[in-house]
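Heads up: the structure comes next, in structure tokens.
Nothing in this text is a laboratory measurement; each read-out follows from the coordinates by a stated rule. Bear in mind the structure is a predicted one, so any value in this text is a computation, not a measurement. Positions of Cβ are generated from backbone atoms using ideal geometry, with glycine treated the same way; all protein chains shown enter the neighbour counts.
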Amino acid sequence: MVSARRGTLRLLRALMLGAVVVPAALFAYVAWVSWGSIVQLTDDRLVRSLDVLHEQALKVLTTGNLVLDEIVESVENATPDQITAREGELHRRLKRVADLLPQVQSIWVIDRDGYALANSYFVPAPRGASLADRDFFRAQIDRDVGTYVSSVYTPRLIEGPSFFSMSRRLNGPNGSFQGVASVSMLPGDFEKFYREIARSPGEVFALMREDGAFLARWPAGPLADTKLPAASRFFGEIARAPQRGLYSGVSRIDGVERRVGYRRIEGFPVYVVASVEAASIRAEWLAGLRGHLVFGLPATLLLLWVLWVAHQRTASLYAEAMRREAAETALRQAQRLEAVGRLTGGVAHDFNNLLMVISGSADRLRRLVDGEKESRLVEMITTAAKRGETLTRQLLSFSRQQAVSPQSIDLAQRMPELSELIRRSLADDVEVVIDVPGRVCPVKVDPSEFEVAVLNICVNARDAMPKGGRLVVRVRDAVLDEEGENGLAGAFVSLSFIDTGTGIPEELLPRVFEPFFTTKETAKGTGLGLSQVYGFARQAGGDVRITSRVGEGTRVTLWLPWVAFEPAAVAEAPQEPATRSA
Ligand SMILES: Nc1ncnc2c1ncn2[C@@H]1O[C@H](COP(=O)(O)OP(=O)(O)O)[C@@H](O)[C@H]1O
Ligand SMILES: [Mg+2]
């Protein structure tokens, strides 16, 4: 019955645990799967963006290349003077091309010293400053590097927005350096395009040289002299996979974590780069998860709550049933002891009367006989009658028909005084601990009956601890209500004897107070010790309880009513324990 109840409660607790663990595990699984698919989705989007960026950049750069082809063809092998002579015609031609292509800012023909010979803007070309320090010029001096893509500059000879150049070497006879042709491209045109295709705020698009110099970027920012730091992960990635790739990393520029995709533009040392902030990927993921939580969490909580309520109800129901069963058992036991008490009391009473007649007659007989043998016989009658009287006294004390003379004693003081008696009743290898509170614990009992009861309990503890152990004697005061373990109500003093002995099997516990119940061999036990303790406690208006665990020990507790000290008994006024109710 008890184990079935425990099983039910355990099942409910397991269900509660399951109601948390199973949804949590499912949620974790869903979160993991959806993280995977979000990452996949992000990569797909990046790749699609890169396709578009690549398409556009390739078109623009290829156009620039065609324009360069055109210029080189028309000015190659011409001397600077010849070019200057044709400047007007050249200008018109360049201007026509530049006007046709929105991404082209201007087109220039530059001589070997870096001065403009012709351009798409003005005739005559501005010659106020040399462009010999620009990289699109310097790169071509030593040898023909084909089409060179420069970094971003602010214009020097004209007013206008920043630009980057595509340049080509102008070769003189036998490959000598004659200057460069250059097409200035507008990053702004790229940015406009990037803005159009950007979908979410976390996205960054860029056109970048393989050395990390930015040519165009969205969201737009200053480009002249902006370059990826040398430690950027980008360089490691393009060294491994020069054509295209995807990676995650923390930006060396703004410290933001991003998922980055890149793709090299066919035929140019230039990449398109698309990236999205990791935070916005996570935000998208979390938004998805919130959707799951909105449904899952309330259902889980509801289930948990229902199980919890069921558990609490069941537990309190079981506790109630257990209390009732315990009370019923205690009542039954008390009733049985009561009946046995009445029976033994009656028999002992009559027996006592008979014994008194026997011992009285023996006394008189002793005076009448004088032979030694006869005297011995009378002596034996007297001794036997005395033993019989002791026995009947014990029985009478169990049935509470013993005449008693109660006195107030303070157990907090009395128990330390009895410690010597307790120690002597136990074996030497038993440690005795007397534990009393610092305030008075007065009870009203018959002192000699009380001592007998203490001895009876101690002797049992001794028998239970043949190999030594420990006996704790503890005094406490307590207020009990009827709901409590004993069905006693009011202020009480408890006196517990806790040993570390063999313990009592559960099935024997209800019987230990019965007179003549013993588990000991005939010479050692009479079975009357605990009966006396029981009778004593009941007669004093209290009760006795015994709890035990086989192999661990036994606790015998006497509950005796707390009584106000009679003024004569102590010098000082009684101190009421704090717990005592009015
Ligand atoms: N402290 C104890 N430890 C183990 N068993 C005990 C203890 N006290 C009582 N018992 C059990 O209860 C029985 C009854 O005790 P009691 O009435 O004193 O009779 P007796 O000691 O003569 O056997 C004992 O035989 C013993 O089995
Ligand atoms: Mg005993």
Between segment 494-521 and segment 2-71, what is the separation of their alpha carbon centroids in Å? 69
If I model a spin label at Gln312 and Arg195 as a point 7 Å from the Cα along the Cα→Cβ vector, what separation in nanometres do I get? 6.2
Using the Kirkwood radius over C-alpha pairs as Rh, can you work out the diffusion coefficient of the chain via Stokes-Einstein at 25 °C, viscosity 0.890 mPa s, in µm² per second? 70
Working from Cα positions, state the angle (0 to 90°, nearest 10) between the long axis of helix 187-197 and the longest principal axis of the chain. 50
Ile434-Glu521 pseudo-label distance in nm [points 7 Å out on the Cα-to-Cβ vector]: 3.4
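What's the magnitude of the charge dipole for segment 106-175 around its Cα centre, counting Lys and Arg as +1 and Asp and Glu as -1 at the beta-carbon? Answer in Debye, nearest 20.
In total the dipole reaches around 80 debye.
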Over segment 410-490, what is the percentage of antiparallel beta bridges among all DSSP beta bridges, to the nearest 5? 25
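Regarding segment 485-549, what is the average projected area of its C-alpha convex hull, in nm²? Intermediate values should be presented prior to the final figure.
Working: hull surface 20.8 nm².
Mean orientational projected area (segment 485-549, Cα hull): 5.2 nm².
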For segment 1-332, what is one quarter of the convex hull surface built on the Cα atoms, given in nm²? 23.9
Hey, what angle do you get for helix 529-539 against the long axis of the chain, alpha-carbon based, 0 to 90 degrees rounded to 10? 90
Dimensionless Rg/Rh of segment 314-385, both radii on Cα and Rh by Kirkwood, sits at 1.53
Using θ = phi - 60° and the Karplus curve 6.51 cos²θ - 1.76 cosθ + 1.60, what whole-Hz ³J(HN,Hα) does each residue of segment 452-457 get, with Gly and Pro shown as x? 4, 4, 4, 4, 4, 5
Segment 405-450-segment 76-110 distance, computed between alpha-carbon centres (Å): 123
Roughly how many nanometres apart are two label points built 7 Å out from the Cα toward the Cβ at Arg366 and Thr154? 13.7
For segment 407-561, the Debye formula with one identical point scatterer on each Cα and no solvent gives log10 I(q)/I(0) at q = 0.15, 0.18, 0.21 Å⁻¹ as -0.77, -1.13, -1.53
Expressed in angstrom and rounded, the centroid-to-centroid distance over alpha carbons for segment 123-173 and segment 338-385 is 142
Quick check on segment 294-351: what are the equivalent-ellipsoid semi-axes from the Cα gyration tensor, as sqrt(5λ), descending, whole Å? 55, 4, 4
In degrees, nearest 10, the alpha-carbon axis of helix 2-75 is tilted away from the dominant principal axis of the alpha carbons of the chain by 10
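Which order do the peptides 253-263, 228-238 take when ranked by the mean count of other beta-carbon atoms within 10 Å per residue, highest first? Working shown, then result.
Working: 253-263: 16.9, 228-238: 14.9.
Per-residue Cβ counts within 10 Å, averaged per peptide and sorted highest first, yield 253-263, 228-238.
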Note the count of lysine pairs whose C-alpha atoms are less than 26 angstrom apart in the chain, limited to pairs 8 or more residues apart or on different chains. 10
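By how many nm would the segment from His349 to Val550 lengthen if fully extended, with 0.36 nm per residue of separation less the alpha-carbon distance? Let's see the in-between values first.
On the way: separation 201, 0.36 × 201 = 72.36 nm, distance 3.75 nm.
Using 0.36 nm per residue and subtracting the Cα-Cα distance, I get 68.6 nm.
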Tell me the mean residue ellipticity at 222 nm calculated for the chain from its helices only (DSSP H runs of n ≥ 4, each -39500 (n - 2.57), averaged over every residue, nearest 500). -17000 deg cm²/dmol
Looking at segment 396-472, I'd like the Rg to Rh ratio, where Rg is from alpha-carbon atoms and Rh is Kirkwood's inverse mean 1/r. 1.01
